[in-house]
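Notes to accompany the following structure.
The values are calculated or read from the model by the stated rules, or taken from the named source; none is laboratory data. Note that this is a predicted model, so its numbers are computed, not measured. Here the Cβ positions follow ideal geometry from the backbone for every residue, glycine too, while neighbour counts run over all protein chains shown. In case anyone asks, the SASA skips ligands and DNA or RNA and just uses the protein heavy atoms, side chains included. Shrake-Rupley method; radii C 1.70, N 1.55, O 1.52, S 1.80 Å.
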Amino acid sequence: MVGDGFRVHNFFPSSDIIGMHGMSPFFLMDYNSKIILPPSERPKGVGVHPHRGIETVTIAYHGRIAHHDSAGNSGVIGEGDVQWMTAGGGVLHKEYHEKEFSKTGGPFQMVQIWTNLPAKDKMTPAKYQAIENETMGKFNLEKGKGVIEVIAGEYKGVKGPATTFSPMTLLNAKLKKGSTADFSFPGSNNTGFLIVEGDVRINGTSTVPENSFVWFSHEGEEITAEALKDSIVLILSGEPINEPLSAYGPFLMNTREEIQEAFDDYYSGKFGYLED
């Protein structure tokens, strides 16, 4: 559990295979697979906590999630929406089930990704991008066989609305049963697929079930995904940030000294104030 509202599986960096660098510039993926939440008068979630040196990217598949931070940003995302928070030099935030959704309960499914910031951008001012599904770039497959939603980067000339600090692509591929989509990324990129829904055959050989993560080698540039049933695939690919990493709790910096400085700044109130 993360707080009292998010039941997650961490695909990385806790995996010994992927580690802290294997999906760079993406540092962390917490996946809350689909569950049914009972009604609650008190919205559950994660109370006020700090971040520095990263961006948090939260994608809602079912349910509604609310956010507040010490930079004065707030928002609610629903199914298909994304909240992209740049912690940069430091911010306090909290995230929880939206109040009305909490009262009714229902299906809940989400992903949170932490993207690393390059050393030169670690202390950039905090900001917030509210990305509604309707603002995403969309590439429609032939014959109504599905759609590729572009959150960041581009797919076959269709660009996404998110601004990033290093080259990366973030897509939702919504595929009808029997359809195939092809993807091309530089062989030097780190690339992974999360099967959010359905079963998918990758590169014509490996069948991957729902709630599984696929981590790709650096051999070749072309990938195909065939939906064996109606499926949703979250696709991440990015140019690695080849810099030292020092991570502790909510902070991701380049040296141990910078981690200590982050704690000192947090405890001295330099991250601002946010009511819990």
Mind listing whichever residues of region 19-36 are among the hydrophobic types (A, V, I, L, M, F, W, C) and surrounded by 15 or more Cβ atoms within 10 Å (Cβ to Cβ)? Met20, Met23, Phe26, Phe27, Leu28, Met29
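Residues are listed down the side, and each one gets a yes or a no for (1) farther than 18 Å from Leu117 by Cα; (2) among the small types (Gly, Ala, Ser); (3) surrounded by 14 or more Cβ atoms within 10 Å (Cβ to Cβ); (4) out of contact with any Cys (no Cβ under 6 Å at 6 or more places or on another chain):
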| residue | (1), (2), (3), (4) |
| --- | --- |
| Leu194 | yes, no, yes, yes |
| Ile202 | yes, no, yes, yes |
| Thr205 | yes, no, no, yes |
| Asp230 | yes, no, yes, yes |
| Ile241 | no, no, yes, yes |
| Phe251 | no, no, yes, yes |
| Asn254 | no, no, yes, yes |
| Phe271 | no, no, yes, yes |
| Leu274 | yes, no, yes, yes |
Name the pairs: first residue in region 1-18 and open to solvent by less than 60 Å² (accessible area, probe 1.4 Å) and of a type in the set (Ser, Thr, Tyr), second residue at pLDDT 95 or above and not in a loop (DSSP other than H, G, I, E, B), Cβ to Cβ under 9 Å, at least 6 apart or on different chains? Ser15/Phe213; Ser15/Trp215
What about Ser70, is it surrounded by fewer than 21 Cβ atoms within 10 Å (Cβ to Cβ) and at negative phi? yes
So which of Ala162, Ala130 ends up being within 30 Å of Ser246 (Cα to Cα) and either open to solvent by 40 Å² or more (accessible area, probe 1.4 Å) or in a strand (DSSP E or B) (or both)? Ala130
Failed condition for Ser184, given (1) of a type in the set (Ser, Thr, Tyr); (2) open to solvent by 30 Å² or more (accessible area, probe 1.4 Å); (3) touching a residue at least 40 places away in the same chain (Cβ under 8 Å), with all others met? (3)
Output for region 250-270, where each listed residue is under 27 Å from His21 (Cβ atoms) and in a loop (DSSP other than H, G, I, E, B): Pro250, Asn254, Thr255
